[in-house]
Amino acid sequence: MTMEQQQREEEKKPQTSENDKDEKVVQFLDSLNDYLTLMDSLSSALRQGWLELASARHSMGSWRINSATLDHKFHSASTTLQLSSPDDSNSNTNQPHFTLRKWESCDDEDFQSKEVKLDEDEVQKNSDDVQVQKERSKSLLVFGALVSPKLRDAQLSFETALETLVDIANRRSVMLSAYDHVREEILGTKQ
Amino acid sequence: MRAPIATNNSALIAMIADEDTVTGFLMAGVGNVDLRRKTNYLIVDSKTTVKAIEDAFKEFTTREDIAIVLISQYVANMIRFLVDRYNKPVPAILEIPSKDHPYDPAQDSVLSRVKHLFSTESVASGRR
C-alpha cells in the first residue's frame, strides 16, 4: 500500500465513525417517533373501547358491568405474553422482546395435537377460529349469558389496544437500547 | 455485562388502572387469579390509598411471572418517585391514558429518561 493510499485510509476512519454515530442517533429518533405514534393509536383504541363499554353498560345496566361481577375464582389468563431475549449473547444491552399469545386455553396443546393428525390446513384453521371464539365468549360469561353487541365490540377494541401495547413495549425496548448506544457515543466523544 | 433476561412462554400482563380500563382488558383475557386468590390487577378508585398503589406496584414489579405492567398515567403520577426510580427491562412499565386523563408525553417516565439528549448536552452540540 502506498503512502497516499495509507493516508486516504486514515482519513476515512473518523468519517466512518461519524456515520456510525449518525446511524445510532437516527435509530434512536426513529424508535422515539414510533413510540409516540403507537401511543396515539393506543389512545384511539382505548377511547373506542371505553365508549363501547359505556354503551353496553347503558343497555345492560350498570349492575351487570362493574368490578363486583368480575371472576374472582381461580383461573389462568387466556391471553399471555411470550418473553424472549435477542440471540446475540455478546450484546451488552438487555433488550427483551414481547409476543402476544391471544386466547390460548390450558387445553390448547391437547386440542392441537388431535387436529394435527388429520393433516388438513383448513380444518386446523377452522378449529383455531372456533377455539378463539370459545375463549372470547367464556371471557364475557361473567356478565351473563346474553350480552349486548356493544360489549363484544368493546372486547375487540381492547384486544386491539392490547396488540398496540405489545408493540409499544417492543418499541420501548428498542428505544432504550438505542438511547444507551447514543449515550455511550457521547461519553466516548467527550473523552 | 448485565444479567440476561429470563425467557418465559406465558408471562402475564399486570394492570393498575381505573375500573373501566381494567374491565376492558379483563374482557380481552389477561385476567389471572391464582390459588391464593391473588390477582394480576388493582382497580384504582377514589377510595384507593397511595400505599395500596405503591404495594401493588412493588408486588407486580418483583413477580417473575409478570412481563408488562400497565399503569394509568394519572395513577403513576401518585407514585411518580417509585415509577421513575424503576429501571429494569422486565417487567416493562407502560403508562397509559385513562378516560379523564389523556396521555401526556412530558410526564412519561421512559421519555423523561431519554429527553436530556435534546438539551444543550445533546449529540449535535457535542460535535461542534
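The values are calculated or read from the model by the stated rules, or taken from the named source; none is laboratory data. Predicted model only: the values in this text are computed from it and were never measured. Here the Cβ positions follow ideal geometry from the backbone for every residue, glycine too, while neighbour counts run over all protein chains shown. Please note that ligands, DNA and RNA were not included when accessible areas were found on the heavy atoms of the full protein model with its side chains. Shrake-Rupley method; radii C 1.70, N 1.55, O 1.52, S 1.80 Å.
The table that follows gives values for the structure above.
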| quantity | calculated |
| --- | --- |
| Residue list for the range A:164-178, filter: under 14 Å from A:Phe28 (Cα atoms) and open to solvent by 20 Å² or more (accessible area, probe 1.4 Å) | A:Asn170, A:Arg171, A:Val174, A:Leu176 |
| Any hit, the range B:114-123, residues being modelled with pLDDT under 95, more than 21 Å from A:Tyr35 (Cβ to Cβ) and more than 8 Å from every other protein chain (Cβ to nearest Cβ) | yes |
| Scope the range A:18-44; condition within 15 Å of the chain's Cα centre (by Cα), over 19 Å from A:Asp180 (Cβ atoms) and more than 9 Å from every other protein chain (Cβ to nearest Cβ); matching residues | A:Thr37, A:Leu38, A:Ser41 |
| Single unsatisfied condition, A:Leu165 versus (1) assigned to a helix (DSSP H, G or I); (2) at pLDDT below 95 | (2) |
| Selection count, the range B:24-45, where residues are more than 7 Å from chain A (Cβ to nearest Cβ) and closer than 24 Å to A:Ser55 by Cβ | 3 |
| Some residue of the range A:64-82 being within 26 Å of the chain's Cα centre (by Cα), over 21 Å from B:Ile43 (Cβ atoms) and of a type outside the set (A, V, I, L, M) | yes |
| Candidates A:Glu122, A:Glu104, A:Glu109 - the one that is touching a strand residue (DSSP E or B) at 6+ places or on another chain (Cβ under 8 Å), over 18 Å from B:Thr7 (Cα atoms) and modelled with pLDDT under 85 | A:Glu104 |
| Selection status of B:Ile79, modelled with pLDDT of 95 or more and at the interface with another protein chain (Cβ under 10 Å from one of its Cβ atoms) | no |
| So B:Val69, is it modelled with pLDDT of 95 or more and touching a Leu at 6+ places or on another chain (Cβ under 8 Å) | yes |
| Hey, B:Ala6 facing another protein chain (nearest Cβ under 9 Å) and open to solvent by 60 Å² or more (accessible area, probe 1.4 Å) or not | yes |
| Residue satisfying all of: in the range A:74-98; open to solvent by 90 Å² or more (accessible area, probe 1.4 Å) and at the interface with chain B (Cβ under 7 Å from one of its Cβ atoms); modelled with the lowest pLDDT among these | A:Asn92 |
| Conditions (1) within 9 Å of chain A (Cβ to nearest Cβ); (2) among the β-branched types (Val, Ile, Thr); (3) under 19 Å from B:Asp104 (Cβ atoms): number failed by B:Ile53 | (1) |
| Single unsatisfied condition, A:Glu115 versus (1) at pLDDT below 90; (2) assigned to a helix (DSSP H, G or I); (3) within 15 Å of the chain's Cα centre (by Cα) | (3) |
| So B:Lys51, is it in a helix (DSSP H, G or I) and of a type in the set (Lys, Arg) | yes |
| Residue match in the range B:43-57 (condition: within 10 Å of the chain's Cα centre (by Cα) and open to solvent by less than 70 Å² (accessible area, probe 1.4 Å)) | yes |
| Within the range A:125-163, tally of residues that are under 26 Å from A:Pro96 (Cβ atoms), buried (at least 20 other Cβ atoms within 10 Å of the Cβ) and not acidic (Asp, Glu) | 3 |
| Odd one out for B:Val110 among (1) β-branched (Val, Ile, Thr); (2) touching a strand residue (DSSP E or B) at 6+ places or on another chain (Cβ under 7 Å); (3) assigned to a helix (DSSP H, G or I) | (2) |
